[in-house]
1. Only residues in segment 338-352 that are within 14 Å of Leu69 (Cβ to Cβ) count as the first member; pair them with residues that are part of a helix (DSSP H, G or I) and among the basic types (Lys, Arg), Cβ under 8 angstrom, at least 6 apart or cross-chain, and list the lot.
2. Against the conditions (1) in contact with a strand residue (DSSP E or B) (Cβ under 9 Å, 6 or more places away or on another chain); (2) at pLDDT 95 or above; (3) under 25 Å from Ile48 (Cβ atoms), where does Asn164 fall short? Just the number, please.
3. Kindly provide the set of residues from segment 129-165 that are closer than 22 Å to Pro184 by Cβ, open to solvent by 20 Å² or more (accessible area, probe 1.4 Å) and out of contact with any Phe, Trp or Tyr (no Cβ under 7 Å at 6 or more places or on another chain), ordered by number.
4. Could you please find all residues in segment 171-186 being of a type in the set (Asp, Glu) and either under 19 Å from Ile35 (Cβ atoms) or out of contact with any helix residue (DSSP H, G or I) (no Cβ under 9 Å at 6 or more places or on another chain) (or both)?
5. Which residues, taken from segment 166-191, are open to solvent by 70 Å² or more (accessible area, probe 1.4 Å) and more than 17 Å from Leu109 (Cβ to Cβ)?
6. With the requirement that a residue be touching a strand residue (DSSP E or B) at 6+ places or on another chain (Cβ under 9 Å), hydrophobic (A, V, I, L, M, F, W, C) and at pLDDT 95 or above, what does segment 297-314 give you?
7. What's the number of the condition Ala116 fails, among (1) among the hydrophobic types (A, V, I, L, M, F, W, C); (2) farther than 26 Å from Glu190 by Cβ; (3) buried (at least 17 other Cβ atoms within 10 Å of the Cβ)?
8. If Ala333 meets every condition in (1) in a helix (DSSP H, G or I); (2) surrounded by 14 or more Cβ atoms within 10 Å (Cβ to Cβ); (3) among the small types (Gly, Ala, Ser) apart from one, which number is that one?
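The values are calculated or read from the model by the stated rules, or taken from the named source; none is laboratory data. These numbers come from a predicted model, not from an experiment. Please note: Cβ atoms are built from the backbone with ideal geometry, for glycine as well, and neighbour counts cover all protein chains shown. The accessibility values were calculated without ligands, DNA or RNA, using every heavy atom of the protein model including side chains. Shrake-Rupley method; radii C 1.70, N 1.55, O 1.52, S 1.80 Å.
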Amino acid sequence: MKNVAVIAEYNPFHTGHAYQIRKIREAFDEETTVIAFMSGTFVQRGDIAIADKWVRAEAAVRGGADLVLEIPFPYSASGAEFYATAAVRLIRSVGGIDILSFGSESGDLTTLSRAAENMMTPEYQKAFREALKDTRSGGYPATAEEIYRRLFATDFAADIFRPNNILAMEYLKAITREDAGLLPHTVKREGADYAQCELAEDSHPSATAVRKHLLEGDLRALSYLSAEVAAVYRAAISRGECPADAERLSPAILSFFRLNPTPTVPEIRDATGGLYTRLAKKSREATGITSLATLSETKKYTNARIRRAMWFSFFGVTSSEVSAPPTYTQVLALNGRGQAFLKATKRTAKIPILTKPSAKDALPPEAIPGKMRADAADEVAESAMPKPRAATALLRHTPFLAK
């Protein structure tokens, strides 16, 4: 029996995610244990997830995962390279996992692996670093594709630099860099494109489309989820815990930049190179988070990069903090098979695996700052909920256990 890791946001868990889990079990064994390493409340595109991590984790287990462990903030909100590296480090530290499976538009592991190897060469790394210094560069995805096409034209595959492929290549690079000992496995993405905003019949929806419709109050979006998963979200909506909308925090973000025209700490992650100054300046014109991101966009700074810079500035997250390995993870949801895996691996795991979110005192000293950082992010995100709860609400949760 294999233990397979999946790195995900599940924002929200939809039929495409369930399809990936089914294909994993088809490829290996029906008894395969699927361990999802899932982003916490903040996600990679620089946003607050549509529902809190407990809701999303329960949905994932009801949808087919066996165990959900958290990728905590600020790693969960980092760019592709640092997000992938942190997740692979967590997988290695938890231990007992044989395989890392990921979705990709390509579905061709050979092509993705070759591209990842090329991107790790000194020649590529040097050219990429130099290109990013140019204020005329087009940000990470465009610059990566431009450099790769120039240096490795004979290996260039059409559409290789699409969102899921980029993450897949970062996972492959991280496996090599971290000597993680994981067998990579990819499942070809089926259904709607990653960024498609409309729901389509007879197709796996994009998470983007589901979020858009939920934020607009269109609950028909739930019909594009499995019945078990939709029930989790319907209950969260009735409790006022979904859909979360970061725009509700606009007064806090705009006030922060207006009151702090210069950085509050040195080397804020993703806000270097004059971006912090630009955000502070544009905050005087902006009317909200979306407005601030749009006003601050340039060819070099993508919308996602700007939104990450906003949150990292607000929380004072530094580059060294994001580069350091995660010091803990916590259980968010599990079933019997996940419980058996957890019991076996907790004895040998190299980092603490919390089962009680309030058990900060059970952590070693080096892990406490990271836990406090992630807890603070959760507390702030409460104000994005339709019916905000007390700041400590998420600390009173216990992991969901499927019977």
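1. Correct list of pairs: Lys350/Arg92.
2. (2)
3. Start the filter on segment 129-165 by keeping residues that are closer than 22 Å to Pro184 by Cβ, which leaves 140-141, 144-145, 148, 152, 155-165.
Then keep just the ones that are open to solvent by 20 Å² or more (accessible area, probe 1.4 Å); that gives 140-141, 145, 152, 155-159, 161-164.
Within segment 129-165, Tyr140, Phe152, Asp155, Ala157, Ala158, Asp159, Phe161, Arg162 qualify.
4. Glu178
5. Going residue by residue through segment 166-191, those that are open to solvent by 70 Å² or more (accessible area, probe 1.4 Å) are 176-177, 179, 183, 188, 190.
Scanning segment 166-191 gives Arg177, Asp179.
6. Listed by number, the residues that qualify are Ala309, Trp311, Phe312.
7. Single failed check for Ala116: (2).
8. All conditions pass for Ala333, except number (1).
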